[in-house]
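Take a look at the structure set out below.
The values are calculated or read from the model by the stated rules, or taken from the named source; none is laboratory data. These figures come from a predicted structure and were not determined experimentally. Reconstructed Cβ throughout: ideal geometry from the backbone, glycine too, with neighbour counts over all protein chains shown. Please note that ligands, DNA and RNA were not included when accessible areas were found on the heavy atoms of the full protein model with its side chains. Shrake-Rupley method; radii C 1.70, N 1.55, O 1.52, S 1.80 Å.
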Amino acid sequence: MSGDPKLERIAKGNALALCATGTWTASFAPALERMVADAEKLAGGPQSIFIDVSEVAKLDTFGAWLIERLRRSLTQGPVEAQIAGLSANYSSLVDEVRRVRATPVVETSTITITGMLEQIGRTVAGLAGTVAGLVDMLGAVLAAGGRVLIHPRSFRLTSTVHHMEQVCWRAVPIIVLITFLIGCIIAQQGIFHFRRFGADIFVVDMLGVLVLREIGVLLVAIMVAGRSGSAYTAELGSMKMREEIDALRTMGFDPIEVLVLPRMLALVLALPILAFLGAMAALYGGGLVAWLYGGVDPEAFLLRLRDAISIDHFIVGIVKAPVMAAVIGIVACVEGLAVQGSAESLGQHTTASVVKGIFFVIVMDGVFAIFFASIGM
């Protein structure tokens, strides 16, 4: 039988038969939707229900899904609707549709103290997993570095120099510009507030100590985490998506030694240089503002700066730089190697790399502050 689709109800004793006839394809979608929706209202009855499709002349995926949807809707408790009369030509199609699981209903739950504590616990567990991943990567990098020391010819100098150019040389303009402006702002605000007490000259002390100990290296590390850390994650993540890292392993190369170690070494060497240049730019900007805005002569500024700071301030700032660089590099490489096979995953891990990198940089700065205070520096 061919033609327009129909769904007739036929009572057979304690059972109810729904006889489908005609063409059940997407061409008759509106009519099929209405018929199935009307038939779904029979759900909840005590009688058994059979869906007879022996007279269906033509069936496609749309029609098969509607029949399966009708069967699921009419299945209530112990009463299960059955599909009868299915021809061999369409049985595989209906079976394939039947394997599709129904979309689970998302249950909204109220906020409770237990739920909040559970969320806090999951967050802490996630943080512990992050720290474990960082420690694992640190160990892998140290092991790769040890192998390179034993076999120096395996060291990839060209790759390291390339990453030094990307991380250090090309970052100099933006680093110098931002730190120069920060130095100008610190000096201007300091002079504006100290002038009320007639202590304009003390802005030099504040500027020197802040820039050399804290602001210089911290600001540069944050900018490097946003610029180079995200680039590392995106590069490694793209290689992971294209299975290039798996190809390296297949060829017998260690991805940590080939990809991670040169990037880590370049970052550890670059950040102290950038921190030094940034500190000098900030001091120059602060001195310029102190001269033009505060009336402090450059000679008086330099004399006061020499008396206000010591080599300890410079050492405290520059010692932090390689450690912060190592943290940024490890976080970026861990997130890059954790990327899955989708662009969404790449974006999520790149964002996580920047956020975690900045977070750990600030944490390390606090740890260093406590350590240097305890030893009197």
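Condition check: among the small types (Gly, Ala, Ser), open to solvent by 30 Å² or more (accessible area, probe 1.4 Å), farther than 12 Å from Gly229 by Cα and modelled with pLDDT under 90. Does Ser310 satisfy that? If you could, list the steps in order and put the result at the bottom.
On the way: among the small types (Gly, Ala, Ser): yes; open to solvent by 30 Å² or more (accessible area, probe 1.4 Å): yes; farther than 12 Å from Gly229 by Cα: yes; modelled with pLDDT under 90: yes.
Yes; evaluated as a whole, the condition is true for this residue.
For segment 339-377, what are the residues that are farther than 18 Å from Ile318 by Cα and not in a helix (DSSP H, G or I)?
Selection gives Val339, Gln340, Gly341, Ser342.
Among the residues of segment 51-83, what is the count of those that are open to solvent by less than 60 Å² (accessible area, probe 1.4 Å) and modelled with pLDDT under 80?
Going through segment 51-83 one residue at a time, the tally reaches 4.
For segment 336-355, give me each residue that is closer than 14 Å to Gly229 by Cα and crowded, with 16+ Cβ neighbours inside 10 Å. Can you show your working first?
The initial filter retains those residues of segment 336-355 that are closer than 14 Å to Gly229 by Cα, namely 336-337, 346-355.
If the condition is that a residue be closer than 14 Å to Gly229 by Cα and crowded, with 16+ Cβ neighbours inside 10 Å, then Gly336, Leu337, Leu346, Gln348, His349, Thr350, Ala352, Ser353, Val354 are the ones that fit.
Condition first: open to solvent by 70 Å² or more (accessible area, probe 1.4 Å) and within 30 Å of Phe372 (Cα to Cα). Can you find one or more residues in segment 195-206 that meet it?
yes
Could we say that Met280 is in contact (Cβ under 8 Å) with a residue 24 or more places away in the chain and either open to solvent by less than 40 Å² (accessible area, probe 1.4 Å) or not β-branched (Val, Ile, Thr) (or both) here? Working first, answer last.
Values: in contact (Cβ under 8 Å) with a residue 24 or more places away in the chain: no; either open to solvent by less than 40 Å² (accessible area, probe 1.4 Å) or not β-branched (Val, Ile, Thr) (or both): yes.
No: the conditions fail for Met280.
Restricting to segment 14-30, what's the tally of residues that are open to solvent by 10 Å² or more (accessible area, probe 1.4 Å) and in contact with a Lys or Arg (Cβ under 9 Å, 6 or more places away or on another chain)?
Residues meeting the conditions: 5.
Are any of the residues in segment 231-244 more than 30 Å from Ala343 (Cα to Cα), in the same structural domain as Gly278 (by the TED database), touching a residue at least 24 places away in the same chain (Cβ under 8 Å) and β-branched (Val, Ile, Thr)? Break it down into steps so the answer makes sense when it comes.
Let us first name the residues in segment 231-244 that are more than 30 Å from Ala343 (Cα to Cα), namely none.
So far as segment 231-244 goes, no, none of its residues is more than 30 Å from Ala343 (Cα to Cα), in the same structural domain as Gly278 (by the TED database), touching a residue at least 24 places away in the same chain (Cβ under 8 Å) and β-branched (Val, Ile, Thr).
Restricting the search to segment 157-185, which residues are of a type outside the set (Phe, Trp, Tyr), open to solvent by 30 Å² or more (accessible area, probe 1.4 Å) and within 15 Å of Val220 (Cβ to Cβ)?
Within segment 157-185, Arg170, Val172, Pro173, Ile174, Val176, Leu177, Ile178, Leu181, Ile182 qualify.
Anything in segment 356-377 that is farther than 15 Å from Ala321 by Cβ, open to solvent by less than 80 Å² (accessible area, probe 1.4 Å) and within 23 Å of the chain's Cα centre (by Cα)? List them, or say none.
Answer for segment 356-377, where residues must be farther than 15 Å from Ala321 by Cβ, open to solvent by less than 80 Å² (accessible area, probe 1.4 Å) and within 23 Å of the chain's Cα centre (by Cα): Lys356, Ile358, Val363.
So which residues in segment 143-156 are in a helix (DSSP H, G or I) and surrounded by 11 or more Cβ atoms within 10 Å (Cβ to Cβ)? Steps first, please.
Going residue by residue through segment 143-156, those that are in a helix (DSSP H, G or I) are 143-150, 152-154.
Once the filter is applied, which keeps residues that are in a helix (DSSP H, G or I) and surrounded by 11 or more Cβ atoms within 10 Å (Cβ to Cβ), segment 143-156 yields Ala143, Ala144, Gly145, Arg147, Val148, Ser154.
Can you tell me which of (1) at pLDDT 80 or above; (2) open to solvent by less than 70 Å² (accessible area, probe 1.4 Å); (3) hydrophobic (A, V, I, L, M, F, W, C) is the one Met116 doesn't meet?
Condition (2) is where Met116 drops out.
Give me the residue from segment 212-269 that is outside any helix (DSSP H, G or I) and either among the acidic types (Asp, Glu) or closer than 19 Å to Phe359 by Cβ (or both) and, out of that set, most open to solvent (accessible area, probe 1.4 Å). Working first, answer last.
Initial filter on segment 212-269 (outside any helix (DSSP H, G or I)): 242-243, 251-254.
Subsequent filtering for residues that are either among the acidic types (Asp, Glu) or closer than 19 Å to Phe359 by Cβ (or both) retains 243, 254.
Details: Glu243: 118, Asp254: 49 Å².
Ranking the qualifying residues of segment 212-269, first place goes to Glu243.
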